[in-house]
Amino acid sequence: MNRIIKIVLICVLAVLFLFFIGCKGAAGSDGADGTDGVAGIAGSDGADGANGADGNVTCFQCHATDIFEQALYDFAASQHSSGSVAVSYAGGNVNWGDCTRCHSHEGFVAFASGFDPHAITNPSAWECGTCHTLHNEFTSEDYNLRMTTAASIWDSGTFLLKGQNSIEVEGGNALCANCHQSRVAEPNITNPGETFEITSTHYGPHHGPQANVLTGVGFAEFVGAISYPAPNSATHMTPACTGCHMANNNHSFEPTLDGCTDCHTGLATFDLNGAQTDIHDLLTELRDLLLAAGVLEGDVEHGYHPIVGTYDMVLARAFFNWVGLEEDRSMGVHNPAYVNALLKNTIEAVKAI
């Protein structure tokens, strides 16, 4: 009996032990949260900056002006822009070397920038940026010319013109003169002697020798009855190229009477006092003498060119003067005294042979 009671007690104690071990007291309450730190006081916003200028304001200084629009319109009608002079004949012929530097936009920019213009393979006609260095400052003062100092004479290392190695016009006129010059010296300078051989039907000064006519240098000056004016003494040296060909910002470069009336009040024609008519008649007389001498062939409709052959130096020099003054195309206006002396003295020399 006692043994049974002991066993029961042991079992009861074991159950109680397990009961107390499995039970868990209630959770203690959470401790209070700590107090947050005091936030720093934020600084006030800075004042707004001033609004910037509209991005297109400087563009409008040029691109929204009547002057600019008129210049574009005029230039589109010019031979420099159309391509018939600028590119089509000589501009794309890299084999002709020096032609590319004036007969294309890319060639002139390369030449004016001091680079070799001979490698231009896809030339285009002139544009605003040919003469002007655009978009450097993005202001209305941004139309600086690429060249403004006196223009060097082509091949000046080989010959000088009356001791000069440059065409003495400056500013915008100098830019014109870099291309509009004879490029070739007269025969008695390049090959002095009693005779001269013309080896090509293209022989002669460049087709645009206006700078030489204006400054009075570069042609064959025969001694004759008419004296020659000093170089750079022509009355038209002052207005020069831009004064006559760009009056009122004219970018077609066609001369207008507006460029002449400051000096010639009331002028109604370029043939002032019949001066152009007189020069035309002298050019015709000299041409006919050269045709009769067998130096020249052709007609008015198809044009004239020299006949390849060897000639008396007088005749070769006479041809050089005739073709250069004919292709100056001003009929003496660029330098009346010089052109008149050249033609009259040349005709006298040819008649004396």
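The values are calculated or read from the model by the stated rules, or taken from the named source; none is laboratory data. Keep in mind that this is a model prediction, so the values were computed, not measured. Glycine gets a Cβ as well: all are built from the backbone with ideal geometry, and neighbour counts include every protein chain shown.
Just wondering, is there one or more residues in the range 205-212 that are modelled with pLDDT under 95, under 24 Å from K351 (Cα atoms), buried (at least 16 other Cβ atoms within 10 Å of the Cβ) and within 33 Å of the chain's Cα centre (by Cα)?
yes
Pull up the range 264-285, narrow it to residues that are of a type in the set (A, V, I, L, M, F, W, C) and within 15 Å of Y338 (Cβ to Cβ), then point me to the one that is surrounded by the fewest Cβ atoms within 10 Å (Cβ to Cβ).
Checked the range 264-285; the qualifying residue surrounded by the fewest Cβ atoms within 10 Å (Cβ to Cβ) is A275.
Quick one: what pairs do we get from the range 281-297, first residue more than 18 Å from V308 (Cα to Cα), second at pLDDT 95 or above and aromatic (F, W, Y), C-beta under 6 Å, 6+ apart or different chains?
What qualifies is L286/W322.
In this structure, is S88 at pLDDT 80 or above and either assigned to a loop (DSSP other than H, G, I, E, B) or of a type in the set (S, T, N, Q) (or both)?
No, not satisfied.
Which residues, taken from the range 219-246, are modelled with pLDDT under 90 and either within 23 Å of P306 (Cβ to Cβ) or among the small types (G, A, S) (or both)?
Those that are modelled with pLDDT under 90 and either within 23 Å of P306 (Cβ to Cβ) or among the small types (G, A, S) (or both): S233, A234, A240, G243.
Taking into account only those residues within the range 325-353 that are β-branched (V, I, T), more than 26 Å from the chain's Cα centre (by Cα) and closer than 26 Å to C241 by Cβ, which is surrounded by the fewest Cβ atoms within 10 Å (Cβ to Cβ)?
Looking at the filtered set, the residue picked out is V339.
Restricting attention to the range 220-263, which residues are in a loop (DSSP other than H, G, I, E, B), surrounded by 15 or more Cβ atoms within 10 Å (Cβ to Cβ) and among the small types (G, A, S)?
A220, G224, A234, S252
Need the failing condition index for F270 against (1) among the hydrophobic types (A, V, I, L, M, F, W, C); (2) over 27 Å from L72 (Cβ atoms); (3) assigned to a loop (DSSP other than H, G, I, E, B), just the number.
Every condition holds for F270 apart from (2).
Could you check the range 286-302 and list, in sequence order, the residues that are under 21 Å from V339 (Cβ atoms) and either part of a loop (DSSP other than H, G, I, E, B) or modelled with pLDDT under 95 (or both)?
V295, V300
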